[in-house]
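Where a number appears in this text, it was derived from the coordinates with a stated rule and is not lab data. Model, not experiment: these values are computed from the prediction. A quick note on method: Cβ atoms are made from the backbone with ideal geometry, for glycine too, and the neighbour counts reach across all protein chains shown.
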Amino acid sequence: MLNRKFSPLLIFIVLAVFVTAAGCSRKTPEERAQGIVNSISERLDLNDAQKAKLNAIKEEFLQRAPAMRKSREETGDQLLALMRSPRIDPDQLKALVDRNKAQADDFIGFLGDKFTEFHDMLTPEQREKAAKEMERWREHAREHH
């Protein structure tokens, strides 16, 4: 009798653990990027040509990612070295800041180009849908900050 009461409970616990564990897997940057592309394609009802252009934009972002990751690591290493040094060399710090500003400016220019490219491939109706999604995300961010 006691086994009959615990069997459904045990099955439920095992299923809960497996469902939770299945949801905890980390996605690769490529999988996350593809998920974003799929979501945009679905929400804006993109045609095949538009999907191809959006995938090309995604690939350009993914190609830049390793260099950006490497640069972030190098900057972190340099900041740690500066922190551990007995004295901070102002010239070294300025060079680090200047390099990071240049990289940021380059990436902002890249983002602007891709934003323009994305805008230009959309129909007026799709642009309005995209604008509404942007408003929705902005409100979501405001609520959480």
- Task: Calculate, in nm to one decimal, what Asp45 and Leu96 gain on full extension: separation in residues at 0.36 nm each, minus their alpha carbon distance.
- Result: 14.0 nm
- Quick shape summary for the stretch 65-134, equivalent ellipsoid via Cα gyration tensor, semi-axes whole Å in descending order, reads 39, 11, 10
- Query: For the residue pair Ile88 and Ala141, what label-to-label distance in nm results when each label sits 7 Å from Cα along the Cα-to-beta-carbon direction?
  - Reply: 2.8
- Expected-Rg normalisation [2.2 N^0.38 Å, Cα atoms] applied to the stretch 26-145: 1.40
- Message: Name the residue from Leu96, Ile57, Ser85 whose Cα lies farthest towards the positive end of the charge dipole of the stretch 17-143, charges +1 on Cβ of Lys and Arg and -1 on Cβ of Asp and Glu.
- Response: Ser85
